[in-house]
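Okay, so here's the structure we're looking at.
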Amino acid sequence: MATIFTKIANGEIPSYRVADDERHYAFLDINPVAPGHVLVIPRTEEDYIFNLSEDDYDKLWAFARRVAVAMKKAIPCKRVAVAVLGMEVPHTHIHLVPINNEGDMNFRAPKLSLPTEEMQQIADAIAAEFI
Ligand code: AMP
């Protein structure tokens, strides 16, 4: 059975898309730890990132870098931070989070729930900077 992230990448479940190519998909985390929190996934269904083939692994990080560069241009922040957790969804995903200090990336803090219009605005701003 397809994972929820595969369904998102295939458009069967709606998401705030920020970028994609034939092997990857990037979208806003629905419950962000900070505004502009993005998830980057490979279309390949693999739970654990370190079980990806070397080629899939390298290409995923290269794609994530392009997304992070776009995020840095679109969202005022000191830098884009990275985390790989996978405690909830068994489909490899890289968290990219715009931060101004280390407290902005606290996965134990209550998650945000931003209005639809704001989420769409953020996704569109990142998508517009993606090269
Ligand atoms: P983890 O597996 O621990 O890395 O966390 C999974 C992340 O996926 C969490 O930050 C969730 O908020 C996020 N998430 C779960 N379902 C969705 C969804 N349908 N759309 C966007 N993000 C999601």
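Here are the numbers for the structure shown:
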{"read-out": "Contacts under 7 angstrom Cβ, first residue in the stretch 1-18 being outside any loop (DSSP other than H, G, I, E, B), partner basic (Lys, Arg), 6 or more apart", "value": "Ala9/Arg43"}
{"read-out": "Residue list for the stretch 86-105, restricted to those being open to solvent by 40 Å² or more (accessible area, probe 1.4 Å) and more than 12 Å from His37 (Cβ to Cβ)", "value": "Met87, Glu88, Pro90, Asn100, Asn101, Glu102, Gly103"}
{"read-out": "Yes/no for Phe63 being in contact with a strand residue (DSSP E or B) (Cβ under 8 Å, 6 or more places away or on another chain), open to solvent by less than 40 Å² (accessible area, probe 1.4 Å), under 19 Å from Tyr16 (Cα atoms) and of a type outside the set (A, V, I, L, M)", "value": "yes"}
{"read-out": "Hey, Lys59 farther than 24 Å from Ser113 by Cβ and in a helix (DSSP H, G or I) or not", "value": "yes"}
{"read-out": "Residues of the stretch 12-32 classified as open to solvent by less than 60 Å² (accessible area, probe 1.4 Å) and over 17 Å from Ile126 (Cα atoms), total", "value": "1"}
{"read-out": "The stretch 33-50, residues that are surrounded by fewer than 17 Cβ atoms within 10 Å (Cβ to Cβ) and either touching a Cys at 6+ places or on another chain (Cβ under 8 Å) or free of Cβ contacts under 8 Å to residues at least 12 places away in the same chain (or both)", "value": "Phe50"}
{"read-out": "Any hit, the stretch 64-75, residues being in contact with an Asp or Glu (Cβ under 9 Å, 6 or more places away or on another chain) and within 12 Å of the ligand (Cβ to nearest atom)", "value": "no"}
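For (1) more than 16 Å from the ligand (Cβ to nearest atom); (2) in contact (Cβ under 8 Å) with a residue 40 or more places away in the chain; (3) not hydrophobic (A, V, I, L, M, F, W, C), each residue gets a yes or a no:
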{"residue": "Leu60", "(1), (2), (3)": "no, no, no"}
{"residue": "Cys77", "(1), (2), (3)": "yes, yes, no"}
{"residue": "Glu88", "(1), (2), (3)": "no, no, yes"}
{"residue": "Thr92", "(1), (2), (3)": "no, yes, yes"}
{"residue": "Val97", "(1), (2), (3)": "no, yes, no"}
{"residue": "Asp104", "(1), (2), (3)": "no, yes, yes"}
{"residue": "Lys111", "(1), (2), (3)": "no, yes, yes"}
{"residue": "Leu114", "(1), (2), (3)": "no, yes, no"}
{"residue": "Ala125", "(1), (2), (3)": "yes, yes, no"}
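Conditions tested, residue by residue: (1) farther than 21 Å from Thr6 by Cα; (2) touching a Ser or Thr at 6+ places or on another chain (Cβ under 8 Å); (3) assigned to a loop (DSSP other than H, G, I, E, B).
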position: Val33; (1), (2), (3): yes, no, yes
position: Ile41; (1), (2), (3): no, yes, no
position: Asp47; (1), (2), (3): no, yes, yes
position: Lys72; (1), (2), (3): yes, no, no
position: Gly86; (1), (2), (3): no, yes, yes
position: Val97; (1), (2), (3): yes, no, no
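The values are calculated or read from the model by the stated rules, or taken from the named source; none is laboratory data. Quick caveat: nothing in here was measured; it's all calculated off a predicted structure. Heads up, the Cβs are rebuilt from the backbone with ideal geometry, glycines too, and the neighbour counts pull from every protein chain shown. Accessible surface is based on the protein model in full, side chains and every heavy atom, while ligands, DNA and RNA are left aside. Shrake-Rupley method; radii C 1.70, N 1.55, O 1.52, S 1.80 Å.
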